[in-house]
Amino acid sequence: MYKALFFMHPAPVLTVSELRKEFDGVTAVDGISFQVGSGEILGLLGANGAGKSTTLQILLGLTTPTSGKVEVFGMDLNQHRVEILQRCNFSSAYTGLPANLKVWENLLVFATLYQVRQARKKIDSLLELLEIGHLRNHVTGHLSSGESTRVHLAKALLNDPALLLLDEPTASLDPDIADKVRKLLRRIQREQGISMVYTSHNMRDVEEVCDRIVFLHRGKILATGSPAEITAHFERSSLEDVFIRVAREGDQLLKP
């Protein structure tokens with residue numbers, strides 16, 4: 001098994017300790033531990049079945065771990081779930097908003113749930129930030145997949161989260177818009193100091209956006225480090241080559 005490359009970022013916003021989740025005897029997450037520092041973007045990578053989605057579900061409080069501990073903002077997620085989630089948000093290319101509402105109506109519903117002050121002003125500023133102001137009065141169900149992805153990002157930024165969980169945020173986007181979204185996320189990180197957990201199968205996304213990576217295989221951590229450290233560790237020239245190697249040889253890499 002590859003020895004993890006450890007990187008400690010000051011002032012952790014998220015600490016995952018010995019996290020484990022079993023479903024009917026099948027181990028989806030197998031004793032993983034990692035941290036996300038203040039203002040850090042952490043990439044959670046792995047092929048399908050590696051444990052990324054289950055880990056995100058646990059971090060969102062949607063699934064209870066079999067064992068282990070999750071601390072966010074220094075608080076136990078199990079004991080302070082509501083308080084923690086008020087300061088978090090989530091965006092996924094694979095979830096939908098009510099299709100019969102206009103874009104601004106959908107965002108206003110969530111802004112009300114999040115108790116956002118000056119909600120309409122906040123909505124307008126986010127629509128302009130994401131370059132979708134022209135979609136304000138469009139019915140959400142009629143949007144393209146790329147437009148819908150950006151509306152989801154607007155929803156996720158409504159409450160100015162301190163921790164943002166992103167599941168494939170550039171999926172279905174054309175290269176131009178994907179590049180704009182990557183640059184926007186970096187800009188938000190710099191200007192607002194938001195910490196992010198970022199999953200993607202697009203290795204260009206990860207190389208450009210993520211400060212550090214946790215590479216999973218069959219619920220275990222194979223390695224963690226910066227994109228450059230990971231490629232050097234696996235003796236590959238790119239993250240895409242690393243991903244392919246892990247997908248094909250991961251079981252062998254897990255062996256002592």
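A few comments on the model shown:
- Among 178-188, 134-144, sorting by the average number of other beta carbon atoms lying within 10 angstrom of each residue, highest first, gives 178-188, 134-144.
- Of the cross-linked pairs Lys21/Lys183; Lys155/Lys220; Lys52/Lys121; Lys102/Lys180; Lys21/Lys122; Lys69/Lys180, those separated by over 26 Å at the C-alpha level are Lys21/Lys183; Lys155/Lys220; Lys52/Lys121; Lys21/Lys122; Lys69/Lys180.
- Other residues whose C-beta falls under 14 angstrom from the C-beta of Arg87 contribute a net charge of -2, scoring Lys and Arg +1 and Asp and Glu -1.
- Working from Cα pairs under 8 Å separated by at least six residues, relative contact order for the chain is 29 percent.
- Share of carbon and sulfur in the accessible heavy-atom surface of the stretch 6-84 [1.4 Å probe, %]: 50
- The stretch 1-128 shape via C-alpha gyration tensor axes, a/c threshold 1.5: prolate
- Calculated FRET value between Glu105 and Thr15, using beta carbons and R₀ = 41 Å, to 0.05: 0.60
- Rolling a 1.4 angstrom probe over the protein heavy atoms with all chains in place gives the stretch 137-256 an accessible area of 42 Å² per residue.
The values are calculated or read from the model by the stated rules, or taken from the named source; none is laboratory data. Bear in mind the structure is a predicted one, so any value in this text is a computation, not a measurement. Neighbour counts run over all protein chains shown; Cβ positions are idealised from the backbone, glycine included. With ligands, DNA and RNA removed, areas are computed over all heavy atoms of the protein, side chains included. Shrake-Rupley method; radii C 1.70, N 1.55, O 1.52, S 1.80 Å.
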